[in-house]
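Enquirer: Structure below; questions to follow.
The values are calculated or read from the model by the stated rules, or taken from the named source; none is laboratory data. Since the model is a prediction, treat every value here as computed from it, not as a measurement. Neighbour counts run over all protein chains shown; Cβ positions are idealised from the backbone, glycine included. For accessibility, only protein heavy atoms count, side chains too; no ligands or nucleic acids. Shrake-Rupley method; radii C 1.70, N 1.55, O 1.52, S 1.80 Å.
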Amino acid sequence: MIKIKRLLLFGSINCFIICPVTAQKTYYKPQKISALQKKNEIIPGADQTYFYIDYLKGKNIGMVINQTSVIGKTLTLSVDSLVELGISVKKIFGPEHGFRGNASNGADVNSTIDEATHIPVISLYGNKHFKPTPEDLKGIDLMIFDIQDVGARFYTYLSTLQYVMEACAENNIELMILDRPNPNGFYVDGPVLDTAYRSFIGLNPIPIVHGLTIGEYAQMINGEGWLKNHVKCKLKIIKAANYKHSAVYKLPVNPSPNLNTDKSVILYPSVCLFEGTTLSLGRGTMFPFEQIGHPTLAGKYTYSFKPVSIPGMSEDPPQKDKVCYGIDLKAYDTYFIRAGKELNLSWLITLYKAFPDKQHFFNAYFTKLAGTDKLQKQIEAGESEKEIRNSWEPALSHYKMIRKKYLLYP
């Protein structure tokens, strides 16, 4: 009776573990969905403890996690849940914004000891320590990667995944990915990265909106030989149940301090390009990525906001303590992005045209965000959105064909 109850608690449909991309796939027999779960409810991989708990027993585990690594309706951190179930978690690895997700964008994060579990926390976003060292991985039998992504190439968790995969491959450690839905997984768009501009906000030739889950992207990294010396990482992927790329998925936890609403998550791939300009995109307010402006646009726009220092979100935001004038996106209907399945370039083009000091509109960061030096030149030359989009081909269509090989979800 106990085993049956346990099965009903954790069982769900369409769940299986995927072995390395180069190996044969192993499927778990689908289980009946619990009566406690809504029909066709999307269930992240981490929530399906039944499918991987036995595999973790007797192993020393390392976990790459942050505040999004939660399980169940109570939003319990996965590390707390696994420790409670008797799993030997030896080390926690934290990405940008830290293990608890309370560090500002770009801030160095120091290694520490987690107060709740007393497990050592190793920062993978501090002092250029992006890749776990052999010493970091000493004594680890299996690594778990469980972080919510938002579907944009410049969101740094993709780079953390790649460096972790590389370290695991080099040290013969298996990586288990507890897969989660991509809230921007319903489309693919943007210029494909020119590898001459590789950086921590873009390592591989993928577009700005890549249309993959973390599990799918991990398979692409392996399959396309993107790890150093073309090594392969041994993968196990616990799929999200009932997920489709077309699905609307609202995140249960803010993925980072400045993505604090569902709307900001959908706007992020388009609005983040303004990080490469002198304009404010709302950092230093409670609505980052939902407003764009600059002090010199007074008179051209009536909407205004004032960025200030907000500890844990943005201590030193662009245009701090200055009244900025520009565009209010808080009332923008993100249906247009979902229906059009395209980045919004009109905001960037329009604000560039309105900006009085065009020589100082862009900064050096823009090329890294765009992944190419062409986009800035095209906007400065006054090219239309259609002309800019046409220039993304044939690379964008070629990427879409590659992407199909690694899809785990329809």
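Enquirer: Return only the number of the condition from (1) out of contact with any Lys or Arg (no Cβ under 7 Å at 6 or more places or on another chain); (2) in a loop (DSSP other than H, G, I, E, B); (3) open to solvent by less than 10 Å² (accessible area, probe 1.4 Å) that Ile206 does not satisfy.
Expert: (1)
Enquirer: Ok, one more. Report, by residue number, each residue of the stretch 367-383 that is without any contact (Cβ under 8 Å) to a residue 60 or more places away in the chain and small (Gly, Ala, Ser).
Expert: Listed by number, the residues that qualify are Ala381, Gly382.
Enquirer: Can you pull out the residues in the stretch 322-366 that are among the aromatic types (Phe, Trp, Tyr), surrounded by 12 or more Cβ atoms within 10 Å (Cβ to Cβ), part of a helix (DSSP H, G or I) and out of contact with any helix residue (DSSP H, G or I) (no Cβ under 6 Å at 6 or more places or on another chain)?
Expert: The one that is among the aromatic types (Phe, Trp, Tyr), surrounded by 12 or more Cβ atoms within 10 Å (Cβ to Cβ), part of a helix (DSSP H, G or I) and out of contact with any helix residue (DSSP H, G or I) (no Cβ under 6 Å at 6 or more places or on another chain): Trp347.
Enquirer: Among strands (runs of 3 or more DSSP E) lying entirely in the stretch 115-195, which contain 1 or more residues that are modelled with pLDDT under 95?
Expert: Those strands (runs of 3 or more DSSP E) span 120-123.
Enquirer: Taking the stretch 300-321 as the search range and keeping residues that are in contact with a Pro (Cβ under 8 Å, 6 or more places away or on another chain) and of a type in the set (Gly, Ala, Ser), which one is least open to solvent (accessible area, probe 1.4 Å)?
Expert: Across the stretch 300-321, the extreme among qualifying residues is Ser314.
Enquirer: Could you figure out which of (1) on the phi < 0 side of the Ramachandran plot; (2) in a loop (DSSP other than H, G, I, E, B) isn't true of Ile266?
Expert: Failed condition: (2).
Enquirer: Shifting gears a bit: Ser199: surrounded by 21 or more Cβ atoms within 10 Å (Cβ to Cβ) and either of a type in the set (S, T, N, Q) or closer than 27 Å to Lys138 by Cα (or both), yes or no?
Expert: Judged against the criteria, Ser199 is not a match.
Enquirer: Those residues that are open to solvent by less than 10 Å² (accessible area, probe 1.4 Å), over 24 Å from the mean Cα position of the chain (by Cα) and under 18 Å from Gly215 (Cβ atoms), I need them from the stretch 52-64; list them, please.
Expert: Within the stretch 52-64, just Leu56 meets the criteria.
Enquirer: Same structure, new question: Among the residues of the stretch 245-257, what is the count of those that are in a loop (DSSP other than H, G, I, E, B) and under 20 Å from Leu75 (Cα atoms)?
Expert: 9
Enquirer: Ok, one more. Taking Lys386 as meeting all but one of (1) without any contact (Cβ under 8 Å) to a residue 12 or more places away in the chain; (2) part of a loop (DSSP other than H, G, I, E, B), write down the number of the exception.
Expert: Failed condition: (2).
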